[in-house]
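See structure below.
The values are calculated or read from the model by the stated rules, or taken from the named source; none is laboratory data. This structure is a prediction, so every number in the text was calculated from the model and none was measured. Here the Cβ positions follow ideal geometry from the backbone for every residue, glycine too, while neighbour counts run over all protein chains shown. With ligands, DNA and RNA removed, areas are computed over all heavy atoms of the protein, side chains included. Shrake-Rupley method; radii C 1.70, N 1.55, O 1.52, S 1.80 Å.
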Amino acid sequence: MTKTSLARTLREPAELVAADLAPATALPALERVAARYAVAITPALVDLIDKSDPDDPIARQFVPTAAELEMQPGENADPIGDHPHSPVSGIVHRYPDRVLFKLVHVCAVYCRFCFRREMVGPGKENALSDSAYRAAIDYIRTHGEIWEVILTGGDPLMLSPRRLSEIMADLAGIDHVKIIRLHTRVPVADPARISDDMVAALKVEGATTWVALHANHARELAGPARAACARLVDAGIPMVSQSVLLRGVNDSVATLSDLMRAFVECRIKPYYLHHGDLAPGTAHLRTTLAQGQELMRQLRGRVSGLCQPDYVIDIPGGAGKSPVGPNYVLAEQNTAAEPRDAASETRYRIVDYCGDVHLYPPEI
C-alpha cells in the first residue's frame, strides 16, 4: 500500500471520542460495536464532518452507534446471498456474463451500513492467498461467458499500483474478458491515493476499464475528491456512481438531487441507487421501499435525465438486483385508491431477472 493519509485514520472508539466525533458516555457501547464491526474514518472524511451538527450526514455514515447492536427480523450476515453463488474463493458468479472478484477484505473507510460488514475489516482475512487468486483467475479463464469482471471486496484500490497493474494484466490477457470494473470509495475517502501511478495501473491493453464510485452525499464530492475523479476521467477511464438510500443522509429530494448533480458535474454518470440491504444492525439507516419510490418519482421531475439513477434492491438470498422504482403506468380503476402511508412498511412481491417472485421483506 502506498503511504497516504491513511496513517492518521481513526480506528478506535477512544480516538473518536478524542476527536469530538462521539460523546465519552458512548464509549462502552462503541467498544462493543467495534469488537464486532470494523471502524475506520480517514482524515479526508473527518474534515467533512460538521461536529456541531448531531445529525451530520457524513458522520452518520461512518461514526458507529449503539444502534448497530440491535438486530431486526430478516437481517442476515450475507444479506444479498454472495455465498451460494461463490464457486471458488473470491468469485461470485450470480449473473451469466459477469462475476464479482473479491480481491481484498479491507477498506479505507468502513460504512456503518455495509452489506459485507461481517466479512471485512480487522480480524478477517485481508486478501486472497496466491493459490486462491490463481484458482479465481482459472475460473474466469475457463468460463467463456464472462464478459465483465467487477473488482470489489473490500476496496480494490487499497492494493498498490504495482499489484493492481499485475491483476489488470492477468484479466485483460483473457480473451473473453472485455470489461474490468472497479468498485471503490477511495477517491472520496483518500483522494491522494489516486496518484498518477494508480491511474496508470488501471489502464490496460485488451480490456476497457470502468470505475464505479460509491458516495451518498454531495459534500463527499469536495475539491480533493473531485480532483481525484478528474484524474481518472481525464485519463480516459469512464466513471459511474453507486449510492445507498440512507435515512438521515440522503432521504430527501433536495439532498438526493444535490448528490446526483454533483456526480454529473464530476463527469460521473449516476448508475445505481441501492435500497439498504438487510445487513445486521443497520435498521436505523434503512428507509422503506415506498419512501424510496416516492423520492425517485420526485427526482424524475426535478433534475435532468443525466441525473437519474436506477433505484434497485438486491433481493435477499442471492436472486440478484431488481429495479423497484415507481410505476408510472396506473390501471384506470386504481386511480382513486387511497395512497399508502409512505412511513409504514409494506410487503412487496419482487420479480427477479429470471422471472421468479420473491417476498420483501422476507419477514415482517
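Cα-based radius of gyration for region 1-157, normalised by 2.2 N^0.38 Å, reads 1.19. Full extension of the segment from A66 to S89, taken as 0.36 nm per residue of separation minus the current Cα-Cα distance, would add 5.0 nm. Within the listed set A189, A225, A200, the Gaussian network model of the chain (springs between alpha-carbon atoms below 10 Å) gives the highest mean-square fluctuation for A200. A cut-off of 5 Å between modelled amide H atoms, ignoring neighbours fewer than 5 places along the same chain, links I268 with no other residue.
When +1 charges are put on Lys and Arg Cβ atoms and -1 charges on Asp and Glu Cβ atoms, the dipole computed for region 146-200 relative to its Cα centre reaches about 120 debye.
Close amide H pairs (under 5 Å, H built 1.01 Å from N) link R94 with L100, residues at least 5 positions away or on another chain. The phi torsions of region 33-40, fed into the Karplus equation with coefficients 6.51, -1.76 and 1.60 and a -60° offset, translate into couplings of 5, 5, 6, 10, 10, 5, 10, 6 Hz, rounded to whole numbers, with Gly and Pro shown as x. Summarising the label geometry, the points placed 7 Å from Cα in the beta-carbon direction at R32 and T346 lie 3.6 nm from one another.
Close amide H pairs (under 5 Å, H built 1.01 Å from N) link Y311 with L273, V324, G325, residues at least 5 positions away or on another chain. Taking one quarter of the surface of the convex hull spanned by the alpha-carbon atoms of the chain gives a direction-averaged projected area of 18.5 nm².
Computed from the Cα positions only, the extents of region 146-247 along the three principal axes stand at 42, 29, 22 Å, in decreasing order.
Beta bridges from DSSP with both residues in the chain: antiparallel share about 30 percent, rounded to the nearest 5. For region 80-94, 3J(HN,Hα) computed residue by residue from phi via the Karplus equation (6.51, -1.76, 1.60; θ = phi - 60°) reads 9, x, 5, 4, x, 10, 10, x, 9, 4, x, 10, 10, 10, 8 Hz, glycine and proline entered as x. Apolar share of the accessible surface for the chain: 52 percent from carbon plus sulfur atoms, 1.4 Å probe.
Qualifying GluC sites (Glu not before Pro) in region 163-227, where qualification requires a DSSP coil assignment and no more than 15 other C-beta atoms within 10 Å, comprise E205. Dividing the helix sum by the residues of the chain, where each DSSP H run of 4 or more adds -39500 (n - 2.57), gives a mean residue ellipticity at 222 nm of -8000 deg cm²/dmol.
Net charge within 13 Å of D196 by Cβ-Cβ distance, Lys/Arg positive one each and Asp/Glu negative one each, not counting D196 itself? Here the count lands on +1.
Extension gain for H176-V17 works out to 52.2 nm (0.36 nm per residue, less the C-alpha to C-alpha distance). Backbone phi angles across region 98-106, fed through the Karplus curve with coefficients 6.51, -1.76 and 1.60 (θ = phi - 60°), yield HN-Hα couplings of 8, 10, 8, 10, 8, 7, 9, 10, 10 Hz in residue order; Gly and Pro are listed as x. Note: relative contact order over the chain, using C-alpha pairs below 8 Å and six or more positions apart, is 16 percent. Our compactness index for region 92-206, the C-alpha radius of gyration over the empirical 2.2 N^0.38 Å, is 1.05.
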